[in-house]
Structures are given as structure tokens and as C-alpha cells.
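Structure first, then comments.
Rule-based calculations on the coordinates, nothing more; no lab input. Bear in mind the structure is a predicted one, so any value in this text is a computation, not a measurement. Don't worry about glycine lacking a Cβ; one is built from the backbone with ideal geometry, like all the others, and counts go over all protein chains shown.
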């Protein structure tokens, strides 16, 4: 995925031991195992950088008391420590003034020990998330959310890919199936997943269709797809009768079923019987999102270490 790599300094995180084949229908793509493999390489490269006095550093800012955000932040900080990164966690009350937050981001932009800045969403209503995202220096925008980062992805320039779709691309790559000439359908058009997902698939020479809430006859599109990425945040948006036999199905959704159990956007049991490969929820895309945050931060540090 060339747009995700600082081409002048960093090399891509490689996948090893790709043993998956399409002979076994409905094979689970194990995001936990893949994440563990990638994080081992990340830790090795971080140790090499640290030995050269450039320890990868990530600053995470949390504003307010959102329970889910606190869990996400805790997991990110833990992952940093396990990878040998330097991490800074700053937690503020929900009434933090917007200008104070922007000033703090500006200070972190100038901190040489910090290579990535992440402000956990959602923010309290009085803070404009667009202003916050755009305040982060592009060289430290490891979430890949800024307008400039989006432009770099669109044009194929070196930059940071948003972590969730970047992780999806690694999950697809782990199957060993080439995307060249394949038809990929992305269900969802968000700026954080759907749109960048479509662009990354295009970079790998797939033919891409983006479907959304106004798409007529979604099933007609998904039945033609060799790859389906479901990212709308709605249960059972993709069912078995909508999937081409042998297709790769990536489930980005995070929902709760009637029993309160975590589930995705895909009817997993039904679709697994038809698909060639499928990601579970949990244990699929989720672990990879944090892993790709580490990759982006590592590559930012490697770029700094390489110099001008």
C-alpha cells in the first residue's frame, strides 16, 4: 500500500507465513493472530530506532468521560508500551475550552519526542472536531483524518492511511488473494472508513463500487463482488443470499445483538457458509486498527530518524 508508507524513509510492515487458501470455504481471517505478528515486527523496528536515540512517541488526548473512549484509549496506551513506544496520555474534563485544546495540540506539534498525535473522538459538543483534526501537524496525523492526509491518499502521495481501512487491507492481503482485477464493494461512505477504503482498494487495482443508504438494490451489487467490506454500523446489512460464493468479506461494524453480545454488520453464521474468507467480530478488524496506528507512528519516527 504505497500511500501509507513514508517512501523516503520507512519500509512497509511485511506479512509472513501466508498459508490461507480459498480451498476451505468460510475460513476466518484471524485479526488477533495477524496483529500479533505485525506487532512483533513493529517492536523490533522500534527497538532499533530507540537504540539510535529516536524512540517512537505517541500522544493521546481524551476529553470527557465517554466510557467507550476510555477503553479505546487504554488499549492504545497499552499497545504503545508493549511495542516499546514512548507514550503521553493527557485526559481533560468535558468542559475544556476549545482554544486550550488547540494550544495543547500546537505544543505537541513542536515536541520532537512525539511522532504521532491522536485526539480521541467523539469530543464534547462545544469543540469542533474538524478544527481539532486540522490543528494536528500532517507529519504527526497518524489517524490519517486531516484534509491534507486525505488528499495524499487520493493522489497516491506518501502519507498516513486511516488506521481501520489500512488494517482491512492487511487482512485482505493475509488471504494471499490478489486484488488486481477483482470487483470490490464497499458498503459505507464515511470519511474515516468507507471513502479511504475505496481508494486503497483502487490502489491495488481492484474495480470498486461504493454503496450507501441511497443505493438501490444493494444485493445486486454485492452478489457481483469478489470482496465486500461492510462498514455502516448496522446489524445484518449483509446476509448469505447477498454474497458471491468464495468472496472475501471484511466486517468493520461494531454492534450489539438482542442478547447484548458484540457483533458486526454481517450475519456471520450465514455468510461464513458462503464466503471464502470472513473476519469475525470481535477478533477481526478491531485488533488491526490499533496495530496500524502503531505502524503509522513507527513510520513517522523512522522518517524523522532518516533526516531531511
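For the reader, a short list of remarks on this structure follows.
- Percent RCO, i.e. relative contact order, over the range 53-140, from Cα pairs under 8 Å lying at least 6 residues apart: 39
- The range 113-267 - percent relative contact order, Cα under 8 Å, separation 6 or more: 16
- Computed label-point distance, nm, for sites residue 109 and residue 55 using a 7 Å Cα→Cβ extension: 2.6
- Spatial separation of Cα centroids for the range 241-308 and the range 106-133, in angstrom: 25
- Among 247, 83, 112, the largest mean-square fluctuation in a Gaussian network model of the chain, built with springs joining Cα atoms closer than 10 Å, belongs to 112.
- Cα centroid separation, the range 68-89 to the range 135-212 (Å): 24
- Packing-based ranking of 150-162, 221-233 yields 221-233, 150-162, ordered from highest to lowest mean Cβ neighbour count within 10 Å.
- Only Cα pairs under 8 Å and 6+ residues apart enter the sum, and on that basis the relative contact order of the chain stands at 25 percent.
- Counting every other Cβ atom within 10 Å of each residue's Cβ, 127, 117, 187 order from fewest to most as 127, 117, 187.
- Classification of the chain by its C-alpha gyration tensor yields a prolate form. The axis ratio a/c (a ≥ b ≥ c) is 1.5 or more, and a/b outweighs b/c.
- Normalising by residue count, the range 154-236 has a Cα convex hull of 105 Å³ per residue.
- Legend: P(r) of the range 53-140 from all alpha carbon pair distances, 5 Å bins from 0, whole percents, reading 3, 14, 27, 24, 20, 9, 3, 0, 0.
- Potential lengthening of the chain between residue 33 and residue 78 amounts to 14.5 nm, from the contour at 0.36 nm per residue minus the alpha-carbon distance.
- With contributions of -39500 (n - 2.57) from each DSSP H run of at least four residues, the per-residue ellipticity at 222 nm computed over the chain stands at -12000 deg cm²/dmol.
- Extension reserve of the residue 220-residue 99 stretch, reckoned as 0.36 nm per residue once the Cα distance is removed: 38.7 nm
- DSSP beta bridges in the range 152-308 [antiparallel fraction, %, rounded to 5]: 10
- Each residue, residue 205 and residue 44, gets one label point 7 Å from its Cα in the Cβ direction; the gap between the two is 2.8 nm.
- Rg(Cα) / (2.2 N^0.38 Å) computed for the range 163-286, rounded to two decimals: 0.94
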